[in-house]
1. I'd like the projected area of region 238-298, averaged over all directions, using the convex hull of its alpha carbons. Report it in nm² with one decimal.
2. For a 31 Å ceiling on Cα separation, which of these pairs sit above it: LYS103/LYS144; LYS174/LYS223; LYS181/LYS223; LYS223/LYS261?
3. Under a point-charge model restricted to the Cβ atoms of Lys and Arg (+1) and Asp and Glu (-1), what is the dipole moment magnitude of region 238-298 relative to its Cα centre, in debye to the nearest 20?
4. Note down the magnitude of the dipole of region 127-257 about its Cα centre, charges +1 on Lys and Arg C-beta and -1 on Asp and Glu C-beta and zero elsewhere, to the nearest 20 debye.
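Read-outs: derived from the displayed coordinates by stated rules, not from any lab. If you're wondering where the values come from, they're calculated on a predicted model, not measured in any experiment. All Cβ positions, even for glycine, are placed from backbone atoms using ideal geometry, and neighbour counts span all protein chains on display.
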Amino acid sequence: MSDHRTKHNWTKHDGTLIFVILFGLTSVVALSHWIDSHRPASDPNVEEEKAYLGGNTVKRISLGFNGLVADWYWMRSLQYVGRKIINPHEHIRLDNLGQLNLKLLAPLLDAATTLDPEFMEPYEYAAVVLPDVDVQEAIRITRKGIAANPSAWRLYQHLGYIYWQQQDFEAASKTYGEGAKLPGVPLWMLGLHARMAAEGGSLATAREVYQRMYEGAGDPSVKEMARLRLLQVESFAERTIIRRTLADYATRTKRCASSWKDVSASLRAAGLRLDGSGIPLDPSDTPYQLVQGGCDVDLDFRSQVPYR
């Protein structure tokens, strides 16, 4: 008798749980369809309007399934950027999308972080992508994350990155310093606090900023952007050495280099990597190009290193 009652109660509870889950999923799907149905017609000649409900509004009608709806908004953010990138085969960096007219990105990310304030990936995305679109919105959303997650030191890293990108080295230093006071923070946060104040615009600072971003990135596209930026930083340093070597050669011989063989020994002595023909290789293993009649160096068009 006891076993029968236990089985009966479990079945009833199980049925209730299934009903709640199905009702929640149905509500989320209905909400998704409702939002999609209220999107304006796609017309490249008409200025985009705000196509999605604000986070606070959706939070009131999401029936407690805020996390699921936040995921939906996050995926829509990625899809929105993806649709704006016309040629997926181009090496387009996430921090260089200002020309794509991403007016809806801030509202989408804002909604995702309002629905789930502890959802870290949208904050990271906002710090990397939004500054090139609307830097004030990028700062506001990241600060909103800090207010909701005061012990999340990664958000201070993201905010410091925004200020550094804007060349506001004083604000960047202050932000990294505030983050460095939190428990469990790695020592490099304090190091960046000092480095921003002393040499915020240096290649060494850029190298560390992108290295730390690469190591801690949660989103694969952000990680790839940081990887490419690291290649760019290394290439900047290499091209400085190459230009100095070419200038020394021109001063000594009164002419520009006719080929890389003229300076290959000097470049090898300076620690650069050369291929079997004595041509220096950039960080993506693509040969550099002699330009301006052999007086300057540039990237090859096949290189993975970002040009700007």
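1. Working: hull surface 14.4 nm².
Projected area, direction-averaged: 3.6 nm².
2. Values: LYS103/LYS144 19 Å; LYS174/LYS223 25 Å; LYS181/LYS223 26 Å; LYS223/LYS261 37 Å.
Correct reply: LYS223/LYS261.
3. Values: 9 positive and 8 negative charges, 69 e Å.
Here region 238-298 has a charge dipole of around 340 debye.
4. On the way: 18 positive and 14 negative charges, 95 e Å.
With Lys and Arg at +1 and Asp and Glu at -1, about 460 debye.
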